[in-house]
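Here is the structure we will look at, set down as structure tokens.
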Amino acid sequence: MVTINELHKYGRTKLIMPGTAACPGCPLQLGMRYLAMALDGKFAMVIPAGCSSVIPGTAPYTAFTVPTMHVPFASSPAVASGLRRALRIRGVDGPVVVWAGDGASADIGFASLSGAAYRNEDIIYILADNEAYMNTGIQASGTTPPKAWTTTSPRGKTEGRKDVSLIMIMHNVPYVATASIAYPMDFIDKVRRAASIRGFKFIHLHAPCPPGWKFPDNYTVRVARLAVETGMWILWEYNQGKLTISPPSIPYKDKGRRKPIEEYLKLQGRFSHLTKEDIEEIKAGVDRQWDLILKLTEIYR
Amino acid sequence: MSSVSSKYVKYILSKPMMGAGGKTGTWRVHRPVIDAEKCIKCGLCWLYCPENAIDWLEDKTVAVDYDYCKGCGICSDVCPVRAITMVKEGVI
Amino acid sequence: MINQSQVSSRGIRRIMVGDHAVAEAVKLARVNVISAYPITPQTLIVERLSEMVERGELKADFIRVESEFSALASVYGAAAAGARAFTATSSHGLFYMYEMLWWAAASRLPLVMAVVTRTLGPPWNIHDEHTDILAIRDSGWIIGMASDVQEVFDMTLTAFKLSEDERVLLPVAIGLDGFILSHTIEPLYIPSQEDVDSWLPPRNPKVPYVIEPGGEPVTLGNLPRMDVYHELHRAYMDEAMDKAKNVLHEVYSEYGKLTGRYYEPLVECYRCSDAKYVAVTMGAWSGDAKVAVDELRDGGYPVGLIRIRYIRPFPDEELATYINGVRGIVVFDRDYSAGFGGVLAGELMGLVPSNVSFKGVIAGLGGVDVSPSDFRDVIVNFINDVERDGYLRVRKWWYIPSVNGGD
């Protein structure tokens with residue numbers, strides 16, 4: 001695993017320029033910084049509509065130091081497919097990265113994502129998941145957790161959650177992983193591993209959003225870490241047929257070592273309306289997810 | 001217009017620049033103040049700064065760029081030795 | 001409809017359907033990336049191109065996408081990475097692309113698309129109508145409409161030259177009437193690869209800009225600092241549209257030298273230089289309208305035909321020149337703008353002096369056959385009405401030659 005000391009060389013390098021339009025404490029900016037360091041600032045990026053269309057600031061300037069296309073909401077996997085194909089024909093190497101939110105990935109752009117995945121396009125797709133349509137003001141998405149408050153689920157989301165990363169494995173792509181902004185070394189390792197593989201790579205990055213989830217700006221990393229420590233978010237990696245639990249999540253295979261889920265929930269205003277029964281249901285959901293992922297580690301061994 | 005950067009077509013392309021979203025230091029309500037005595041030079045505040053407004057210098061000490069720091073306070077929250085305090089702006 | 005200019009055409013004479021003529025032009029243009037989704041009556045284009053790629057006749061990547069939206073999105077991405085790229089669609093597929101059409105045009109990247117015109121549902125109907133292609137007229141694409149298979153080929157090939165011209169840098173859509181051209185075999189001349197190569201060099205990937213890893217760190221499409229940047233950007237597009245008219249003249253002049261086929265670039269004037277009345281058409285049925293004009297001329301009627309080849313950029317000066325001094329204009333629209341009338345009639349009306357008679361005719365929707373005699377009857381009635389009453393101004397008139405209605 002990469003160490004922080006190895007990243008010291010980026011200590012003063014601004015691969016993402018400061019002075020962005022992101023909200024204070026924005027997890028997407030953390031993820032974007034780690035992505036840029038992982039690839040040493042040498043990649044092309046495609047960004048669909050979402051917070052990351054706004055974050056880099058206003059034209060004729062941008063905070064991003066790599067060639068970047070901002071494109072329509074549902075189009076990024078297809079645009080990246082075309083980019084990659086053309087670059088291959090022209091003999092230009094280097095990663096093409098889609099940086100997309102949950103709306104663009106799980107919902108409006110899902111067909112396009114599915115198409116690019118099943119064609120095994122040689123791109124890295126990062127789903128930076130803040131679990132709702134944040135850019136339009138916190139509306140429920142396909143990855144918003146059940147019962148979470150959003151402006152379109154004012155009494156809590158009644159639907160379930162689409163598990164996009166597992167759906168991606170079923171597309172027979174070579175690489176799928178989950179990651180968290182609280183575990184940058186794990187994420188950077190995964191991006192680098194993805195970059196070394198030909199074909200479609202998918203990384204699902206958990207990104208707690210202060211205004212969207214209703215927690216203080218300074219808690220972004222704390223909330224993200226708690227998601228892993230309580231077992232709410234499992235870090236795993238599927239690499240060419242083998243699925244493993246990633247190091248930060250290994251302790252939490254043991255249910256007894258997971259922190260109480262309440263610690264994660266109570267920091268977030270979006271869950272403040274939950275009843276005891278609601279919390280029990282959420283806990284049962286976490287157990288089911290662990291059972292499923294652990295079974296998958298047996299199947300994909 | 002100076003912003004046109006393709007020499008082939010009159011077109012507005014963007015180039016990297018600090019402060020493309022503005023001088024975001026003005027957003028700040030609380031400023032991070034680093035206690036150099038306490039700092040163990042671990043770099044975590046640099047690592048977890050969303051705004052990339054902290055420099056992790058050659059000697060592994062850190063420096064905040066107050067022109068752009070939005071004052072989110074993550075650096076203070078992740079500091080393992082509580083070397084960073086958030087001080088209300090305007091208070092000396 | 002046999003084009004008289006073909007007499008001196010150079011190249012190999014072959015016979016093929018319009019869709020295959022598109023594919024031949026794409027092959028000769030040495031396109032690098034193709035992406036399309038099947039839809040009748042466009043499908044023959046992608047099938048033929050797939051065969052060409054599989055056989056190695058065309059060294060290109062064919063991206064088998066899951067929708068028209070992704071078809072355009074992927075060729076757009078390919079164009080941004082410096083490739084010469086092509087897509088094709090029709091009707092519902094074109095509408096499924098709608099958002100991307102605007103984004104692609106305003107990104108100022110060269111692209112070529114064939115639009116095989118077809119009716120929009122409901123009810124489901126695969127037959128010809130121009131409403132689909134005319135619905136993208138505000139999007140920033142240059143839009144041409146061919147009238148025979150030879151012109152389908154010629155327009156498709158010249159589209160690459162036009163789109164990639166540094167003065168233009170706008171995508172080009174070439175329309176061909178569904179079935180009437182797409183599936184109808186006609187003779188055509190196809191230039192040699194050497195001739196085409198000498199005239200159409202490979203695309204310069206740096207023009208207008210390129211998105212590639214390790215390349216110049218340009219960003220396309222983030223929010224403008226001031227809204228006036230956005231406005232300026234649209235004004236630049238408009239400037240390019242204007243310049244495209246001159247470029248079209250140049251391109252067709254060079255193409256004429258190359259192939260022996262010369263076209264009036266934006267608008268074709270058929271027997272209208274001394275005409276007192278002109279009919280206006282676009283697309284394949286112009287051939288039938290020409291037959292009607294010939295017959296009417298034989299009968300002593302001073303009639304001509306204006307055929308619109310490119311509706312974007314709008315050929316206002318060319319049209320104004322041709323309609324100058326006529327007594328009456330009758331516009332045939334194979335399209336319908338609901339609540340308004342014919343699209344071409346609407347666009348032309350602004351150019352018609354108030355003392356000139358005018359009639360907008362909506363006909364042939366949903367693939368309804370319109371024959372030379374239909375054209376002849378409508379034109380004769382128009383002339384008779386104007387001669388009798390002295391003046392006539394009808395923006396919208398439905399020609400429905402069926403038992404169930406009509407006039």
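When residues in segment C:54-83 are screened for being facing chain A (nearest Cβ under 7 Å) and either of a type in the set (Asp, Glu) or within 18 Å of C:Leu170 (Cα to Cα) (or both), 12 of them pass. Just one of the numbered conditions (1) under 16 Å from C:Arg307 (Cβ atoms); (2) surrounded by 22 or more Cβ atoms within 10 Å (Cβ to Cβ) is not true of C:Pro372: (2).
Residues that are more than 7 Å from chain A (Cβ to nearest Cβ) and either closer than 25 Å to A:Ala195 by Cα or under 28 Å from the mean Cα position of the chain (by Cα) (or both) were ranked within segment C:217-232; the one that is surrounded by the fewest Cβ atoms within 10 Å (Cβ to Cβ) is C:Glu231.
May I ask you to verify whether C:Arg203 is farther than 18 Å from C:Leu258 by Cβ, modelled with pLDDT under 95 and within 14 Å of chain A (Cβ to nearest Cβ)? Spell out how you get there, then give the answer.
Working: farther than 18 Å from C:Leu258 by Cβ: yes; modelled with pLDDT under 95: no; within 14 Å of chain A (Cβ to nearest Cβ): yes.
In short, no.
Among the candidates C:Ala292, C:Ala320, C:Ala275, C:Ala345, the residue that is outside any strand (DSSP E or B), outside the structural domain of C:Asp128 (by TED's automatic domain parsing), free of Cβ contacts under 8 Å to residues at least 40 places away in the same chain and aliphatic (A, V, I, L, M) is uniquely C:Ala320.
Can you name every residue in segment B:64-81 that is at the interface with chain A (Cβ under 9 Å from one of its Cβ atoms) and out of contact with any Phe, Trp or Tyr (no Cβ under 6 Å at 6 or more places or on another chain)? I'd like the intermediate steps shown before the answer.
Here is the first cut: in segment B:64-81, the ones at the interface with chain A (Cβ under 9 Å from one of its Cβ atoms) are B:65, B:67-78.
Residues satisfying the conditions are B:Asp65, B:Asp67, B:Tyr68, B:Cys69, B:Gly71, B:Cys72, B:Gly73, B:Cys75, B:Ser76, B:Asp77.
Listed by position, the strands (runs of 3 or more DSSP E) contained in segment A:166-247 that have at least 1 residues being within 14 Å of another protein chain (Cβ to nearest Cβ) and either of a type in the set (Gly, Ala, Ser) or crowded, with 24+ Cβ neighbours inside 10 Å (or both) are A:175-180, A:201-206.
Per-residue answers, yes or no, for (1) free of Cβ contacts under 8 Å to residues at least 60 places away in the same chain; (2) of a type in the set (D, E, K, R):
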residue: C:Leu351; (1), (2): yes, no
residue: C:Gly367; (1), (2): no, no
residue: C:Ser373; (1), (2): no, no
residue: C:Val378; (1), (2): yes, no
residue: C:Phe382; (1), (2): no, no
residue: C:Arg393; (1), (2): yes, yes
residue: C:Lys396; (1), (2): yes, yes
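The test for being assigned to a helix (DSSP H, G or I) and either in the same structural domain as C:Arg118 (by TED's automatic domain parsing) or under 23 Å from C:Val247 (Cα atoms) (or both) does not hold for C:Asp138. What about A:Ser76, is it of a type in the set (S, T, N, Q) and within 7 Å of another protein chain (Cβ to nearest Cβ)? Against the criterion (of a type in the set (S, T, N, Q) and within 7 Å of another protein chain (Cβ to nearest Cβ)), A:Ser76 does not qualify. If the condition is being in contact with a Gly (Cβ under 7 Å, 6 or more places away or on another chain) and either without any contact (Cβ under 8 Å) to a residue 24 or more places away in the chain or more than 7 Å from every other protein chain (Cβ to nearest Cβ) (or both), then segment A:9-44 contributes only A:Leu15.
The single condition from (1) farther than 21 Å from C:Pro110 by Cβ; (2) among the hydrophobic types (A, V, I, L, M, F, W, C); (3) within 22 Å of the chain's Cα centre (by Cα) that C:Ile34 fails is (1). What tally of residues in segment C:189-218 results from selecting those that are over 22 Å from C:Ser163 (Cβ atoms) and touching a strand residue (DSSP E or B) at 6+ places or on another chain (Cβ under 7 Å)? The total comes to 3.
Filtered by the rule that a residue be over 20 Å from A:Ser153 (Cβ atoms), small (Gly, Ala, Ser) and out of contact with any Gly (no Cβ under 9 Å at 6 or more places or on another chain), segment A:241-280 gives A:Gly241, A:Ser246, A:Gly256.
What are the residues in segment C:236-265 that are outside any helix (DSSP H, G or I), under 20 Å from C:Asp316 (Cβ atoms) and not charged (D, E, K, R), if any? So that I can check it myself, show each step before the final result.
Residues of segment C:236-265 that are outside any helix (DSSP H, G or I), as a first pass: C:260-265.
Filter once more, keeping what is under 20 Å from C:Asp316 (Cβ atoms): C:263-265.
C:Tyr263, C:Pro265, listed by residue number.
Condition first: over 20 Å from C:Gly214 (Cα atoms) and in a helix (DSSP H, G or I). Can you find one or more residues in segment A:8-18 that meet it? Taking every residue of segment A:8-18 in turn, at least one turns out to be over 20 Å from C:Gly214 (Cα atoms) and in a helix (DSSP H, G or I). Picking from residues in segment B:47-63 that are over 20 Å from A:Ala224 (Cα atoms) and at the interface with another protein chain (Cβ under 8 Å from one of its Cβ atoms), the one that is surrounded by the fewest Cβ atoms within 10 Å (Cβ to Cβ) is B:Glu58. Please determine whether any residue of segment A:51-62 is under 17 Å from B:Tyr68 (Cα atoms), more than 7 Å from chain C (Cβ to nearest Cβ) and more than 22 Å from the chain's Cα centre (by Cα). Scanning segment A:51-62, I find at least one residue that is under 17 Å from B:Tyr68 (Cα atoms), more than 7 Å from chain C (Cβ to nearest Cβ) and more than 22 Å from the chain's Cα centre (by Cα), so the answer is yes.
For the condition closer than 22 Å to C:Ala320 by Cβ, part of a strand (DSSP E or B), modelled with pLDDT of 95 or more and not aliphatic (A, V, I, L, M), what is the one hit in C:Phe382, C:Phe358? It would help to see each step written out before you state the result.
Working: C:Phe382 fails: part of a strand (DSSP E or B).
So the residue among C:Phe382, C:Phe358 that is closer than 22 Å to C:Ala320 by Cβ, part of a strand (DSSP E or B), modelled with pLDDT of 95 or more and not aliphatic (A, V, I, L, M) is C:Phe358.
In the set (1) assigned to a loop (DSSP other than H, G, I, E, B); (2) more than 7 Å from every other protein chain (Cβ to nearest Cβ), B:Thr26 fails one condition alone, (1).
For segment A:80-96, check the following and say yes or no: at least one residue is crowded, with 24+ Cβ neighbours inside 10 Å, acidic (Asp, Glu) and either farther than 25 Å from C:Leu232 by Cα or at pLDDT below 95 (or both). No, every residue in segment A:80-96 fails to be crowded, with 24+ Cβ neighbours inside 10 Å, acidic (Asp, Glu) and either farther than 25 Å from C:Leu232 by Cα or at pLDDT below 95 (or both).
The values are calculated or read from the model by the stated rules, or taken from the named source; none is laboratory data. It should be emphasised that the depicted structure is a prediction, and the values quoted were computed from it without experimental measurement. For neighbour counting, all protein chains shown are included, and Cβ atoms are generated from backbone atoms with ideal geometry for every residue, glycine included.
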